[in-house]
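So the structure is just underneath, and the comments pick up after that.
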Amino acid sequence: MATNSYTGVKNSVAEHAHDGEFGCSLKELRSVMELRGTEALQKILDSYGDVNELCNRLKSSPINGLGGHPPDIDKRKLVFGQNLIPPKKPKTFLQLVWEALQDVTLIILEVAAIVSLGLSFYQPPESEGAHCGTGAGGVEDEGESEAGWIEGAAILLSVVCVVLVTAFNDWSKEKQFRGLQSRIEQEQKFTVVRNGQVVPVPVAEIVVGDVAQIKYGDLLPADGILIQGNDLKIDESSLTGESDHVRKTLEKDPMLLSGTHVMEGSGKMLVTAVGVNSQTGIIFTLLGAGEDDEDEEKEEKKKAKEQKKQDGSVDNKKKAKAQDGAAMEMQPLNTDEAGDLEEKRKANLPKKEKSVLQGKLTKLAVQIGKAGLVMSAITVIILVVLFIVDTFWVQGLPWEQTCTPVYIQFFVKFFIIGVTVLVVAVPEGLPLAVTISLAYSVKKMMKDNNLVRHLDACETMGNATAICSDKTGTLTMNRMTVVQVYIADTHYRRVPEAELIPSTTMDLLLLGISVNCAYTTKIMPTEKEGGLPRQVGNKTECALLGFLRDMKKEYQAVRNEIPEEKLYKVYTFNSVRKSMSTVLKNADGSFRMFSKGASEILLKKCYKILTASGEPKVFRPRDRDDMVKKVIEPMASEGLRTICLAYRDFPAKDGEPDWENESDILTSLTCVCVVGIEDPVRPEVPDAIKKCQRAGITVRMVTGDNINTARAIATKCGILLPGDDFLCLEGKEFNRRIRNEKGEIEQERIDRIWPKLRVLARSSPTDKHTLVKGIIDSTITEQRQVVAVTGDGTNDGPALKKADVGFAMGIAGTDVAKEASDIILTDDNFSSIVKAVMWGRNVYDSISKFLQFQLTVNVVAVIVAFTGACITQDSPLKAVQMLWVNLIMDTFASLALATEPPTESLLLRKPYGRNKPLISRTMMKNILGHGVYQLTIIFTLLFAGEKIFDIDSGRNAPLHAPPSEHYTIVFNTFVMMQLFNEINARKIHGERNVFDGIFNNMIFCTIVFGTFVIQIVIVQFGGKPFSCVGLTVDQWLWCVFLGFGCLLWGQVISTIPTSHLKFLKTAGHGTQKEEIPDEELEDMEDLDEIDHAERELRRGQILWFRGLNRIQTQMDVVSAFQSSTSLQGPLRRQPSSGSQQHDIRVVNAFRNSLSPYEGLEKPESRTSIHNFMTHPEFRIEDSEPHIPLIDDTDAEDEGPTKRNTTPTPPPPPSPSSNQNNNAVDSGIHLFIDGSKTATPCIPLSPMHSLETSL
């Protein structure tokens, strides 16, 4: 926006200056770009004459582009703005601190500490201190009692520490994420013409006046006007919401907008608006301004949704049904209902769950928190009761006015002990561990060529059970070369000399390949000595151009003679045509068309073939079958891709053909030759696939190639092993097998095929989407399959989105595919996927390690604090000590254990699957085993420590007693045991050697050592705040020895086989979709994903509402019956409906007071991993391109698969009851809807009122 205000401020003078500089101002260009279609054309004609004139005014050339001189580029940036959209401001450190302070337990602690501080300054008069009971008396000396404030201050200080650490973690994670975002942005390049050369420049460097080359699959980086286009179709749904592809031509609609996707064709455009002045930029700027209005919009959306439910649902269902059938290869939804259907589809699709791990963890954390709350409450109650009984009953003292502050001080102390039990019990380190682990993995995965776009993809990948991979470029090198050719009646096993081929055929071949390959495809000289020439653009076309070079012919000369502007018509390649054709107009008015494409498809359209003499002869179906058997199949069985080159002449006397009628144009061709193109398998792929199979992951190949080629490559890769019973299908056969008589896809039919299917050849993007969806929705295995998919083309978008993890190719991938993906493979290599699996499993294991460690500490600390408090009326571990333990075990341990590097051994086990509990029985055994050891040691020290070490007992000390050696030893031993147990926690599958690879993780070593050093400082110099006394050397040695015992005890535990301990339970299961009651599923209709934490927290609320609801419904029913029996039925019902409104208001108020969580659990709440992704919000989720879902999947999505059948209520009998249709089921809805339907409900019959109120 800066540029905009800049032109405004210097008003007219500046405008003139710009006009003098460039022939049009920023304002003019913006106003042109806001028009569409014919209006825009008219405006361009009126203002500038034509696009070329506009080029001149912007000092650019439609052919050579800008000169590319730095001063000129800078000037353009100054006048027209940069191609950058300024990102949203990150949260400041102080904001993050404020957010960290919102933690409930911390707030409770702060309050308790402040109360404790206040009370500690109150001194009861000396003489009376004695008669307030034994607990208060007996304070040794004056100085000590004055130091009572220290504990409160120390608690506050430690709270500050915890908050700062949390805020710092959040801040660094946000910073990392921004780094990641900017790295993704920097990698985006776009091809522009500068100084006659085609050069890729970073998107941010594009300026107004650039001539950009656009091609299939591009995401347009700026607004522009078409200069020249071939068969160009654009998906503008991200801006307009219209899902039909818009055809762009110079005559009808030359306006190209940023943020839209090129779905077909190619062309050149003149850039006219960049950054905040482009259409996408304007929207983003509005969004920045409109953040405050968001809540209002949400309300309106809700209302709109209600309306929609009423009007649209019935007829949409019919439309959806009508839109069935395989004929609609890629047909988008009709525009007006696209929105409605989108709504409906959202409601019927299974909800995208939050990452599996996130779900399990949140649920576990909530359960542990609840248990901790109960324990701390009991602790406080017992302490208070014991104190009261002891003081007022046993000692029989009266409650005296002067003693009140002393007693309150005791109660505050008990309360603080209770809160510290809670603090230790609540594992707030869990979300932290996940975040650290994921962030660390993402950073390291960059080095392994995985650019992770969505954090949870990293962890989902560890559970993957199936990978559907493309062939070209992923399994193969994507460096294509022609190695065999059938030309002039001869099958050459390697590229022949040009002399062997008749000159007429040779000329046709040279012209045909040169003009019928995209002009963006080139072969460039090598960058380093002795290397291979660089292939730029489409690799299959590069192979054909290389074929000309091998025959010593130069394609560039032909292209210079016939520049791209002179091509009469181009039918670009797409997944339906599977061929590309270019038409040239000859001087005599006749036309010649060159075609290239998949051999079995094009040969069916050939009726002649060039012979050895260069003359065409008739080519009958019988000849074609011979050729398939003798030429194409042998080539394919060697893993070659076969391409047929053909041409057709349209004589001038027939006049100009109808170019739009493709089926008539693309027939009666003359075949020139068939080439076999080799794309060698990447050397590292067979090994990577072997690793996958060993790790329990099935690799399937989905390719557009012919089935023999696919089978040959699959065998080379090791996807097909000789002697195995596997299926290789072609797309057509696959479709025939999975559809019933009506042509609908049936899940049972897919279930019969997918377990054995290994290769799907000649497949369309639809088939890929169908296969992925079929495997994910399948219920025949006990674990739901987790599917990863690789894709590079625009049409792979739907499959990439549907898959659990979508991998897009960083080099060959189009922008659309990258947009739909979760992880981008920066080197397009299959073996990087295996690395991703390894990292994913490692994340899972890291979390489990941390859990094992954390839960041991939790169990021990809570039990010690609880029993200690109950028996000795004082917790052996003081509040500040607990907070320190909490800090080391939460924050530091999560850092130490979450950053373990992955090892190859992770690939030796099967995937865990979605339902595997976080805490396995082996881990449970370790937790309980170590818990027993630690409790034994601590209780021995607590109750017999003074005898063992021959020191004073620390039990039953008065209120402000000085710290004792006894309790210091207990605290120190406790921490030592945790430190050694941290080493034990490194292994969770019962391995013996816990030190294995410990020095590979320097963070771990540093943290353990650092914690040890700090512990020494705390014990020796902590003094009163930490309730510690310096210990002697042999006391220290005993503490360390007892801690070391943990390692020895760990060996004992791992000797006991888990299978014998049948009583052990697992914990930390994910919530299964089936477990969620239907009512809640309805509540979740508006949510895009199910957040398990919210579910746990809301369950309490929902029960409340359900109770209220029942009462309300019963009251309504009763009053309805009363009204119907009385004479003035309708009249008497009126006040009731008013009162109903009143009830509603009450309940609404209730709701607001009841749901403090609505404020806490916003995406901003720091506990969620997801905000890691959503903080630097520059992704407007809704603006992601709506890639039309393919043919029958729409009607299919509601199909009867077990996973997504959520009973939807039958269509309502009348609109009025519809609004309340889900009221009783879903508690909360009632109050929102009720308020709209309340007043008009003056029922005429008791039944009617019953129906509405129910």
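The values are calculated or read from the model by the stated rules, or taken from the named source; none is laboratory data. From a predicted model like this one, the values you see are computed outputs, not experimental measurements. We place every Cβ from the backbone using ideal geometry, glycine too, and count neighbours over all the protein chains shown. Please note that ligands, DNA and RNA were not included when accessible areas were found on the heavy atoms of the full protein model with its side chains. Shrake-Rupley method; radii C 1.70, N 1.55, O 1.52, S 1.80 Å.
Side notes on the structure shown:
- Residue satisfying all of: in the stretch 530-571; open to solvent by 20 Å² or more (accessible area, probe 1.4 Å) and acidic (D, E); nearest to T814 (Cα to Cα) among these: E564
- Selection of the stretch 173-206 for residues being assigned to a strand (DSSP E or B) and open to solvent by less than 20 Å² (accessible area, probe 1.4 Å) yields F190, V192, V193, V201.
- Pairing each residue of the stretch 482-499 that is within 18 Å of V628 (Cβ to Cβ) and touching a residue at least 40 places away in the same chain (Cβ under 8 Å) with any residue that is assigned to a strand (DSSP E or B) and among the aromatic types (F, W, Y), provided the two are 6+ apart or on different chains, yields C-beta distances under 8 Å for Q484/Y492; V485/Y492; Y486/Y492.
- Scanning the stretch 86-104 for residues that are assigned to a helix (DSSP H, G or I) and modelled with pLDDT under 80 turns up at least one hit.
- Of all residues in the stretch 1020-1049 being assigned to a helix (DSSP H, G or I) and among the small types (G, A, S), the one that is farthest from L979 (Cα to Cα): G1045
- Residue match in the stretch 469-489 (condition: part of a loop (DSSP other than H, G, I, E, B), open to solvent by less than 10 Å² (accessible area, probe 1.4 Å), on the phi > 0 side of the Ramachandran plot and at pLDDT below 85): yes
- Spans of strands (runs of 3 or more DSSP E) in the stretch 667-768 with at least 2 residues within 30 Å of L500 (Cβ to Cβ): 669-678
- For the stretch 572-595, the set of residues classified as surrounded by fewer than 17 Cβ atoms within 10 Å (Cβ to Cβ) and in contact with a strand residue (DSSP E or B) (Cβ under 8 Å, 6 or more places away or on another chain) consists of K578, K585, N586, S590, listed by residue number.
- Residues in the stretch 596-627 that are surrounded by fewer than 17 Cβ atoms within 10 Å (Cβ to Cβ), of a type outside the set (G, A, S) and touching an Asp or Glu at 6+ places or on another chain (Cβ under 8 Å): T611 alone.
- Residues in the stretch 766-783 that are of a type in the set (V, I, T) and either within 20 Å of G913 (Cα to Cα) or without any contact (Cβ under 8 Å) to a residue 60 or more places away in the chain (or both): V772, I775, I776, T779, I780, T781.
- Taking the criterion of being loosely packed, with under 15 Cβ neighbours inside 10 Å and over 39 Å from the mean Cα position of the chain (by Cα), the residues of the stretch 494-525 that qualify are R494, E497, E499, L500, S503, T504, D507, P525.
Let's see how each residue does on (1) open to solvent by less than 50 Å² (accessible area, probe 1.4 Å); (2) under 24 Å from N926 (Cβ atoms); (3) at pLDDT below 90:
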| site | (1), (2), (3) |
| --- | --- |
| I988 | yes, yes, yes |
| V994 | yes, yes, yes |
| V1008 | yes, yes, no |
| G1022 | yes, no, yes |
| D1034 | no, no, no |
| L1037 | no, no, no |
| L1042 | yes, yes, no |
| Q1051 | no, yes, no |
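- If the condition is being among the β-branched types (V, I, T), under 16 Å from I206 (Cβ atoms) and at pLDDT below 90, then the stretch 234-271 contributes T260, V262.
- Identity of the residue in the stretch 634-650, hydroxyl-bearing (S, T, Y) and crowded, with 18+ Cβ neighbours inside 10 Å, that ends up nearest to T670 (Cα to Cα): Y647
- Of all the listed residues (D218, D231), the sole one being out of contact with any helix residue (DSSP H, G or I) (no Cβ under 8 Å at 6 or more places or on another chain), of a type in the set (D, E, K, R) and at pLDDT below 90 is D231.
- Any hit, the stretch 963-981, residues being open to solvent by 10 Å² or more (accessible area, probe 1.4 Å), in contact with a Cys (Cβ under 7 Å, 6 or more places away or on another chain), of a type in the set (A, V, I, L, M, F, W, C) and at pLDDT 90 or above: yes
- Hits in the stretch 834-851 (condition: within 19 Å of G913 (Cβ to Cβ) and touching a strand residue (DSSP E or B) at 6+ places or on another chain (Cβ under 8 Å)): A836, W839, S848, L851
- Boolean, G209 is under 28 Å from the mean Cα position of the chain (by Cα), crowded, with 21+ Cβ neighbours inside 10 Å and part of a loop (DSSP other than H, G, I, E, B): no
- Exclusive hit being touching a helix residue (DSSP H, G or I) at 6+ places or on another chain (Cβ under 9 Å), at pLDDT 80 or above, among the acidic types (D, E) and closer than 25 Å to P90 by Cα, set E185, E174, E205: E205
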